[in-house]
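Below you'll find the structure I mean.
The values are calculated or read from the model by the stated rules, or taken from the named source; none is laboratory data. It should be emphasised that the depicted structure is a prediction, and the values quoted were computed from it without experimental measurement. As a convention, Cβ positions derive from the backbone with ideal geometry for all residues, glycine included, and neighbour counts pool all protein chains shown.
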Amino acid sequence: MLSSNREYQYMEASETVWDAAAVPEVEVPAEKLTRFHGQFTDCMEMYADVHTVAEYLNAHQGWFCRCAQPMTVEPLGANGYALTVGRFGAFNYEVEPKVGLELLPPESGAYRIRTIAIPNYVAPGYDVDFKAVMNLVDASTNSHYSGVVTGVEWELDLSVYLHFPKFIQRLPQSVIQATGDRLLNQIVRQVSRRLTHKVQEDFHTSFNLTFPKKSKRRHS
């Protein structure tokens, strides 16, 4: 059964949660890692022209740290961030993903985000491969809003590699794979919904623009 950290509060005292953070910080051979993968797409609406939205996205040193909360963010150079997503788990196994992300300067109108190494940090029993791209499109004709609308369309290709303790390795591989894939999907959905809403609010507040309470968003 999938669980977020909040749900662990209701576990009986006799249950032991195996915490990935307790693993020594050594690199695990690739053949001992289980890969979970997902591809995601979505679009958020910004009620301004493409140029204004691009100006905002280019200044990510301000909005990224503000909007990522309550996730912990540490700047890494000019375009990078160390992001701690939160604690998630299944089968009494718990992990707190921390990943380095670099927001690359736009190229041909595309904004790309990729994983980068976090200095002096070795992930305890997991690895993350994050590849995302955002494109700005004129969405005025596809919106219920009567003014100018820019759609920020994004695609994410995400792979997470985990090294499980022996008590989980004894479970059927099909059960581990299905549970991990669902958990990955849960994390992405939860984080993207929260982040999208915060970015929309922050953008419209920063430019003193009206932000309709209900915006048209599509999921896949």
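Of the residues in segment 95-105, how many are at pLDDT 95 or above and surrounded by 15 or more Cβ atoms within 10 Å (Cβ to Cβ)?
Residues in segment 95-105 being at pLDDT 95 or above and surrounded by 15 or more Cβ atoms within 10 Å (Cβ to Cβ): 4 in total.
Could I ask something else about it? Looking for whichever is under 19 Å from Y111 (Cα atoms) and touching a Gly at 6+ places or on another chain (Cβ under 9 Å) here; the options are L184, L136, L195. Which one fits?
Exactly one of L184, L136, L195 is under 19 Å from Y111 (Cα atoms) and touching a Gly at 6+ places or on another chain (Cβ under 9 Å), namely L136.
Scanning for something under 19 Å from the mean Cα position of the chain (by Cα) and without any contact (Cβ under 8 Å) to a residue 24 or more places away in the chain, does segment 140-159 turn up at least one residue?
Looking for residues that are under 19 Å from the mean Cα position of the chain (by Cα) and without any contact (Cβ under 8 Å) to a residue 24 or more places away in the chain, one finds none in segment 140-159, hence no.
For (1) outside any helix (DSSP H, G or I); (2) of a type outside the set (S, T, N, Q); (3) at pLDDT below 85; (4) touching a Phe, Trp or Tyr at 6+ places or on another chain (Cβ under 9 Å), each residue gets a yes or a no:
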{"residue": "F164", "(1), (2), (3), (4)": "yes, yes, yes, yes"}
{"residue": "E201", "(1), (2), (3), (4)": "no, yes, no, yes"}
{"residue": "P212", "(1), (2), (3), (4)": "yes, yes, yes, yes"}
{"residue": "S215", "(1), (2), (3), (4)": "yes, no, yes, yes"}
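Another one. Does E45 satisfy the condition of being within 24 Å of L183 (Cβ to Cβ), at pLDDT below 95 and either charged (D, E, K, R) or in contact with a helix residue (DSSP H, G or I) (Cβ under 6 Å, 6 or more places away or on another chain) (or both)?
Taking the combined requirement at face value, the residue does not satisfy it.
Continuing with the same structure: Considering every residue within segment 158-165, establish whether at least one is closer than 15 Å to G38 by Cα and either surrounded by fewer than 18 Cβ atoms within 10 Å (Cβ to Cβ) or touching a Pro at 6+ places or on another chain (Cβ under 9 Å) (or both). Before you say what the answer is, go through the steps one by one.
At the first step, the residues of segment 158-165 found to be closer than 15 Å to G38 by Cα are 158-162.
Then drop every residue that is not either surrounded by fewer than 18 Cβ atoms within 10 Å (Cβ to Cβ) or touching a Pro at 6+ places or on another chain (Cβ under 9 Å) (or both), which leaves 159-160.
Looking through segment 158-165, at least one residue is closer than 15 Å to G38 by Cα and either surrounded by fewer than 18 Cβ atoms within 10 Å (Cβ to Cβ) or touching a Pro at 6+ places or on another chain (Cβ under 9 Å) (or both).
If I ask for residues that are of a type in the set (D, E) and assigned to a strand (DSSP E or B), which ones from segment 93-152 would you list?
Correct list: E94, E102, E107, D127, D129, D138.
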